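Here is the structure we will look at.
Only the coordinates and a few stated rules stand behind these numbers; no lab work does. Here the structure is a predicted model, which means the values were calculated and not measured. For neighbour counting, all protein chains shown are included, and Cβ atoms are generated from backbone atoms with ideal geometry for every residue, glycine included.
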Amino acid sequence: MQTSAGEILVLVDENDNQIGTDTRENCHAGKGKRHRAYTVFLFHDGKLLLQQRSSKKLLWPGAWDVSFTSHVYPGETYSQAAARKGLQELNARVGSLTDVHSFVYVAPQGKNTENEFCKLLVGSFDGRVAPNAEEITAIKWARVKEIVEDLAAHPDSYTPWFKLSFEGFMKSPISKMYAA
């Protein structure tokens with residue numbers, strides 16, 4: 001939900017139970033307040049879509065990231081949030097997504113912190129994207145095997161939540177569908 005004061009996010013405990021709401025700014029300030037978020041892996045023709053975060057981003061500008069990621073607004077499901085953000089960031093119509101993995105993490109950077117209960121959602125789509133330049137500097141397509149190799153060689157090139165999402169994806173049975 002957006003208000004004149006900014007985005008309102010859902011505060012949660014370590015089990016994803018809602019315990020309140022607060023602004024995006026307050027959720028990321030200092031040590032952060034745990035809030036509901038998600039990451040999405042979109043596949044097309046056996047390749048995963050990755051994005052490079054805009055240099056304008058508060059946290060991990062310029063890092064390689066999941067296909068897209070964001071927060072769940074009050075009254076919104078994870079799937080509804082993903083459909084909204086898929087259009088906003090990539091101009092992509094996202095179909096059915098599978099809830100593959102959940103994790104809690106805290107990742108400080110400078111005066112701000114990510115403190116999230118995060119779900120990884122995975123699916124296939126038609127591959128058509130028109131990235132929003134305010135959000136994304138570049139995109140690339142990569143096979144799972146190529147990502148494994150690049151993560152080993154350049155771990156600091158990726159966001160913390162990408163690494164956690166990818167680790168959970170690789171442990172999931174669904175990864176075998178995409179790991180060709």
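General remarks:
- Considering only segment 2-172, percent of DSSP beta bridges that pair antiparallel, nearest 5: 75 percent
- Ranked packing of 102-112, 33-43, 76-86, most packed first, by mean Cβ within 10 Å: 33-43, 76-86, 102-112
- With helices as the sole contributors, the chain gives -5500 deg cm²/dmol at 222 nm; each DSSP H run of n ≥ 4 counts as -39500 (n - 2.57), and the sum is divided by every residue.
- Efficiency of FRET from Cβ geometry, Ser96 and Ser172, R₀ 22 Å, rounded to 0.05: 0.85
- Take every Cα pair under 8 Å whose residues are at least 6 apart in sequence, average their separation, divide by the length of the chain, and the relative contact order is 26 percent.
- Dipole moment magnitude, nearest 20 debye, the chain about Cα centre, only Lys, Arg, Asp, Glu C-beta charged: 180 debye
- Straight-line cross-link reach from Lys140 at under 14 Å between alpha-carbon atoms covers these aspartates and glutamates, not counting any fewer than eight positions away in the same chain: Asp45, Asp65, Asp150.
- Cross-link pairs exceeding 24 Å between alpha carbons, from the set Lys47/Lys111; Lys47/Lys163; Lys119/Lys176; Lys56/Lys176; Lys31/Lys119; Lys57/Lys111: Lys47/Lys111; Lys56/Lys176.
- Shape category assigned to segment 83-157 from the gyration tensor of Cα positions, a/c cut at 1.5: rounded
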